[in-house]
Structure formats: C-alpha cells, structure tokens
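A.B. asks: The structure follows.
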Amino acid sequence: MSLSIKTPLLESTPLSWINGTKVWLKVEAMQPSGSFKIRGIGHACEHHVSRGAKRFISSSGGNAGLAVAYAGRRLDVPVVVIVPETTSERARHLLGQEGAEVIVHGKSWFEANELALSLKTSDDAYLHPFDDPLLWYGHASMIDEVVTDGLCPDAVIVSVGGGGLLAGVAEGMQRNGLNDVPIYAAETEGMASLNASIKAGRLVQLPKLSGVATSLGAPQVCQRAFELARERPVVPMQVTDREAVEACLAYLDDHRTLVEPACGASLALLYGRKLSLSKLDNVLVIVCGGSTATVESLTRYIA
Ligand SMILES: *Cc1c(COP(=O)(O)O)cnc(C)c1O
C-alpha cells in the first residue's frame, strides 16, 4: 500500500493545439493532500515508521506540511507542524483538518524551522520539504507511471522551488533511460533561485523572495538540483506572477481543476507558447497541483 496514488496521464487538447504538438498532463493535483509532495513525503514517512519513528515534525505551512499531516493520519502517527506567523488562516485550517498539531512560532520560516529542529527527539522524524534523497526517490515514481502508461516524452516541464521535484523527476527519467530528454525548469521571477544559481555557475542564495508562487519560495535550491543542471539537459525558464496566475485560471477553465501559481509557472510556458515545441512529438508537463490557492485569491490577484 502506498500513500500516494497513480495519477491520470491525459492528453490536453487545448494545450496541444496552442503548441502544435501533443501535450500530456501528469495530473499530480489529483493526489491526496493536493500535490505531488505526498509521493516523496509518503515514501519518507513510511521509511521512518519502519525505523521506529513515533512522531513526524515539519515546519512547512504549505503542501509539504499537508503531505506530512496526511501521511501521519494514514499511518496513525502524530504530526506537529511549526509554522511562522505569516502562514495563512487557510493553511492552518487545512493542517488542522488533517489532524496535525499546529504551533505558530516566529516571524519567518527560519524561526519556525529552528523551533522544529529543537523539538526533535530521537523518537521523531523531521521531514524536509525538498532536500532529501528519500523524497526524490518517491517523486520519481511519477515518471515510472508515465513510462508504464506507454508515453516516451521528448521534453518534460516541471516547476522548481527548492528543487526536490526536479531531482525526483530527473531520477525517474534516469532510471527509465530518458537522461537525454530535456527538462524545462519553470520558476516565477521573484522565486528564481535555480535560474540565479545556473547563471552564477554556483549555488547562490537569493537576497529576497517575492510574489504569489509561495510554494516556490526557497531562497536557495538544493545542491542536487544544481548538480543536475550540469549533468543533464535542464533549461531554466522564468515567467511573471501574472502569467502564472493567468495560466492557473486558463487551466481551470480548460481542465476543470484548480492549481496553485507554483504549478501555473509550468503551465504558463505552454499557455504563453514560450518554448518551441512543434518539432517534438510528445511533451509532458507535471501538473504539480497545490492546495493553498482559491479561485477568489487568484482572481483578486489579477483584478
Ligand atoms: C513544493 C511545490 C513545488 C516545488 O517543489 P520543490 O521540490 O520545492 O522544487 C511546486 N509546486 C507545488 C504545488 C508544490 O507544492
């Protein structure tokens, strides 16, 4: 039994028309917990339980925290999530609904995370939101499913926050013989930590983060994500917040599912025809999902 599900792989008629190629959606928005994160975090949580963990600790008020909370409920393991004061009422509510204990502490994620680490005893497992090989291994299963469904993509599009999704997708592609297939890595301009590191030729930390795509808000990508950009074809791309939000609303109309601007960053590459794909046969976009957006918050942003 796995905590994540096998998600649909759908051909998108509208996005295929716009881009002059077949565009395939891997609909991770359908995962329990609302995003791909349950793949890796579910795998990590099962691993920790098998090693005797009695409690899970997270400091994410976003989709990573939600995935930990869901995994804890399913595995019957108590979950504590420490979030900063800036965390929205909605996020706290969603975490509480999954049965997690939510502790509000500090002005920034850094302070919340410090408390999370200080609370951890030898009976606890701390779940990092992106920098953990157990997560990448779990995320990689989405590519196994795509290949099992008979699709061999000639380009893959993913959103990048801390780079855990990128690392997992690359791992899945590697183990399925797709190492030469380019990955287009989408970030919003205010959260472009991978773009910045690739440009600098070394891992750099953004002095500040900005914008609506809060699930992409890691000041620095993990080492593995940066290495991948040197080892295999990874093409860094940027979109504006407005493009990401408009892509979410277009996706909602076209495909009847609400996703976050973090996911809209990937979709915006396709809605905005920012890649020349017409010579390719099959393009795969990871519809990574996300639970923190509402129709109201998206429409308010572009009003
Ligand atoms: C976490 C998340 C991302 C970014 O994933 P990383 O592993 O941090 O790069 C993108 N979209 C959504 C919806 C997420 O929850």
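The values are calculated or read from the model by the stated rules, or taken from the named source; none is laboratory data. Computed from a prediction, not measured in an experiment: that's the story for all the values here. Neighbour counts run over all protein chains shown; Cβ positions are idealised from the backbone, glycine included.
A.B. asks: Of all residues in the stretch 97-131, count the ones that are modelled with pLDDT of 95 or more, within 16 Å of the ligand (Cβ to nearest atom) and either part of a helix (DSSP H, G or I) or touching a helix residue (DSSP H, G or I) at 6+ places or on another chain (Cβ under 6 Å) (or both).
C.D. replies: 4
A.B. asks: Something else about it: Within the set of pairs 6 or more residues apart or between chains, which connect a residue that is at positive phi inside the stretch 1-24 to a residue that is buried (at least 21 other Cβ atoms within 10 Å of the Cβ) and among the charged types (D, E, K, R) with Cβ atoms less than 7 Å apart?
C.D. replies: That search, which allows pairs on different chains as well, returns nothing.
A.B. asks: Restricted to the stretch 284-301, and to residues that are closer than 28 Å to Q97 by Cβ and among the β-branched types (V, I, T), which residue is farthest from the ligand (Cβ to nearest atom)?
C.D. replies: Top of the filtered list is T299.
Let's see how each residue does on (1) in the same structural domain as L206 (by TED's automatic domain parsing); (2) within 14 Å of G65 (Cβ to Cβ):
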position: E89; (1), (2): no, no
position: R92; (1), (2): no, yes
position: A100; (1), (2): no, yes
position: E114; (1), (2): no, no
position: S141; (1), (2): yes, no
position: R175; (1), (2): yes, no
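A.B. asks: Among (1) away from the ligand (no atom under 16 Å from the Cβ); (2) crowded, with 24+ Cβ neighbours inside 10 Å, where does G40 come up short?
C.D. replies: With respect to (1) away from the ligand (no atom under 16 Å from the Cβ); (2) crowded, with 24+ Cβ neighbours inside 10 Å, G40 is out only on (1).
A.B. asks: Restrict the check to the stretch 273-283 and report whether at least one residue is within 16 Å of the ligand (Cβ to nearest atom), in contact with a Gly (Cβ under 9 Å, 6 or more places away or on another chain) and modelled with pLDDT of 95 or more.
C.D. replies: The answer is no; no qualifying residue exists.
A.B. asks: Restricting to the stretch 132-162, name every residue that is within 17 Å of A53 (Cβ to Cβ) and within 12 Å of the ligand (Cβ to nearest atom).
C.D. replies: Scanning the stretch 132-162 gives D132, L135, G138.
A.B. asks: Filter the stretch 255-272 for residues that are more than 16 Å from the ligand (Cβ to nearest atom) and either part of a loop (DSSP other than H, G, I, E, B) or surrounded by fewer than 16 Cβ atoms within 10 Å (Cβ to Cβ) (or both) and give the result.
C.D. replies: Across the stretch 255-272, the qualifying residues are R256, G272.
A.B. asks: Here is a check on your reading of the model: is A229 assigned to a helix (DSSP H, G or I), out of contact with any His (no Cβ under 9 Å at 6 or more places or on another chain) and surrounded by 16 or more Cβ atoms within 10 Å (Cβ to Cβ)?
C.D. replies: Details: assigned to a helix (DSSP H, G or I): yes; out of contact with any His (no Cβ under 9 Å at 6 or more places or on another chain): yes; surrounded by 16 or more Cβ atoms within 10 Å (Cβ to Cβ): yes.
Yes, satisfied.
A.B. asks: Cβ-Cβ distance below 9 Å, separation of 6 or more or different chains: which pairs start in the stretch 132-147 with a residue that is among the polar types (S, T, N, Q) and end on one that is crowded, with 20+ Cβ neighbours inside 10 Å?
C.D. replies: What qualifies is S141/S4; S141/R39; S141/G40; S141/H43; S141/G168; S141/G172.
A.B. asks: Follow-up question, since we're still on this one. Starting from the stretch 103-130, keep only residues that are in contact (Cβ under 8 Å) with a residue 12 or more places away in the chain, then list their pairs with residues that are hydroxyl-bearing (S, T, Y) and within 16 Å of the ligand (Cβ to nearest atom) whose Cβ atoms are within a distance under 6 Å, requiring at least 6 positions of separation or different chains.
C.D. replies: A112/S59; N113/S59; A116/S59; L127/S58; P129/S60
A.B. asks: Name the single residue that is farthest from S197 (Cα to Cα) among those in the stretch 213-254 being β-branched (V, I, T) and within 16 Å of the ligand (Cβ to nearest atom).
C.D. replies: Top of the filtered list is V245.
A.B. asks: Pick from V287, V239: which is closer than 20 Å to M142 by Cβ, buried (at least 20 other Cβ atoms within 10 Å of the Cβ), under 19 Å from the mean Cα position of the chain (by Cα) and in the same structural domain as E171 (by TED's automatic domain parsing)? First the steps, then the outcome.
C.D. replies: Numbers: V239 fails: closer than 20 Å to M142 by Cβ.
Criteria check complete, one pass: V287.
A.B. asks: How many residues does the stretch 1-37 contain that are away from the ligand (no atom under 12 Å from the Cβ) and charged (D, E, K, R)?
C.D. replies: Of the residues in the stretch 1-37, 4 are away from the ligand (no atom under 12 Å from the Cβ) and charged (D, E, K, R).
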